[in-house]
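Structure first, then comments.
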Amino acid sequence: MCYRVRKEGHYKVGNKLTCLLEIEPGDHRLPPQQLGSVENPRRWVRCIQNGGTTVVVFRDFCDHICSDIEANPIPDTDDHRVFLWDNLRSHHAAYVNQTVTGRTGPCRFTIVPRPPYQPKYGPIEYKICDLTHEVAITPVVEYVKIRWRFQKNKDNGQIIPYKRDRARPDVCPVLAASRIILRASSLNLPPSLPLAVYSTASSPDTFSHITSSQVVNFLCRSAIATLRLKPNDKSLQRWTCHSIRVTAANLLHRAGMSDSYIQTRLRWKSNTFLMYLRNSF
């Protein structure tokens, strides 16, 4: 959960300056020096000396942004733009919605209010919540215990402890587990359901589980971005959910871990994992 920074005097009745700010995440395909890139995103600012943001003020600001994009489009970037914002009353006004989504210009505009807890729908809000949570648990959580209800090796119910990896927070199992718990709590998940679920913008009150096809799709997209593969590369057909397990075995072997450690840590009942060490030395 994120909290606004409040300071005495900011929320008192009286004259104050309201600043409206819109910033795009930037297109990673554009060179750094070009306007609209990740390093040089476009920004729109409007300041008014008013006690708040009315529907008319917010609508005019959105119209200004859309008109600017329509008049100065970036090829292959501005075909479809998505506005992300939270649940202020002015944001939900029909006047605002019609101004953004009812345009007949060359660019298409849509709205995603209050992004759910998925990076692809609300990358900025998701990252802010992620960092806030990480800061909140930094001094207190050092390890977690995860119970594996069902496993391929039939050792169901096994409990495995995981230690905090402070050197590599991006792959820390403790931080990952705590984010899952936080997301479940934010979604008011019933205790009868597994923790690792998510909701979508179209069905915010229902829960979905991560499927193997989603994992494979994510792995393939990661491979395309990291290895600079083409989307139709035939080698992508060999990526499966099992690729994670195979890669983990190879990485541990290259790190000098013993066969018994690899077998135990990756929960193999036999030494069949040895067949996967084909490119290790």
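Table for the structure above
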| item | result |
| --- | --- |
| Mean-position separation - Cα centroids, the range 207-281 and the range 140-179, in angstrom | 18 Å |
| Qualifying chymotrypsin sites (Phe, Trp or Tyr not before Pro) in the range 147-193, DSSP loop, other Cβ atoms within 10 Å at most 12 | Phe150 |
| Low-density loop cleavage sites - trypsin sites (Lys or Arg not before Pro) in the range 25-108, where at most 13 other Cβ are within 10 Å (DSSP) | Arg29 |
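Just so you know, all these numbers are worked out from the coordinates, no wet-lab data involved. What you are looking at is a predicted structure, and each value in this text was computed from that prediction instead of being measured. When we count neighbours, we look across all protein chains shown, and the Cβ atoms used for this are built from the backbone with ideal geometry, even at glycine.
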